[in-house]
Each structure stands twice: as structure tokens, then as C-alpha cells.
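Worksheet: one structure, shown below.
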Amino acid sequence: MRLATLTEPVNPSPDRIVWTQSLFREINDRVKPQDLALLREDPDALLGFVCECGSRRCTELMLMTLDEYERLRTEPTRFAVLPNHHFDQVERILERNERFFLIEKIGHTAEIASERNPR
Ligand SMILES: [Zn+2]
């Protein structure tokens, strides 16, 4: 669990968490032209994506290959967050590595995540 800040509730509601995550997902889903140029040279290049955790104060970047990112986006209930940026009560960890945790929404917020899927 990450540290709360003064402008954010200590325990944001499950709905608030998933709305925040959906917003960051929309931002990440716009792959930039300069990224595509980089990928033509090196398909395994690490790109910077915004952490998709439920904290509105978090705008930290995590590194993923485009392949990792595309696999993530095949499931609308899944998000990628920086290590330990998950909220135990509303999501579970499917995979973890030193760069990011792959998480899946549980409970009714999984439905919200699916409804707000930009793809
Ligand atoms: Zn985060």
C-alpha cells in the first residue's frame, strides 16, 4: 500500500480508485509517434507509461515493452502499476517484476473497468 497524501483520502473508495485508473489507462493508450520510431529500431525497447494505480497524486512512470503493454490491454479488468502501488481490498496481483505489478480488479469495480475500457 502506498503512502497517502494530504489531498487524498487515506482510503479512497473502490469506485474512485477504478475511475482514476481508467483515466490513466486512456492516457497510456495513446502511443506516441516517437515511441513507434524507437520500436522500429528496437522492439524490446522499454517505453515510459504512467502508473495506473488508483492514486490521483501518482504520475510516476513505469517501464514496459510494447508487447507487455499490449498483453495487458487484452483484458479490460487488468492494469499495470508500479511495485506496491496496488490496493489490496479491490485488486489482486497476477504477476510481479522489478518494473511493475500486473493487477486485476475484483468485485464490482471490475465491471466499471470493463465499461470504461477505451478499446
Ligand atoms: Zn502509482
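The values are calculated or read from the model by the stated rules, or taken from the named source; none is laboratory data. All of these numbers come straight from a predicted model, not from anything done at the bench. Counting neighbours? That spans all protein chains shown, and the Cβs are built from the backbone with ideal geometry, glycine included.
List of remarks:
- Matching residues, region 33-68, being farther than 24 Å from PRO12 by Cα and within 16 Å of the ligand (Cβ to nearest atom): GLY48, LEU63, MET64
- Any hit, region 11-20, residues being within 15 Å of the ligand (Cβ to nearest atom), at pLDDT below 90 and farther than 16 Å from LEU102 by Cα: yes
- Residues within region 51-72 that are within 10 Å of the chain's Cα centre (by Cα) and of a type outside the set (A, V, I, L, M), tallied: 5
- Taking region 79-119 as the range and being in contact with a helix residue (DSSP H, G or I) (Cβ under 6 Å, 6 or more places away or on another chain) and of a type in the set (Val, Ile, Thr) as the test, the residues that pass are VAL90, THR109, ILE112.
- The number of residues in region 52-89 being of a type outside the set (Val, Ile, Thr) and under 20 Å from GLN34 (Cα atoms) comes to 10.
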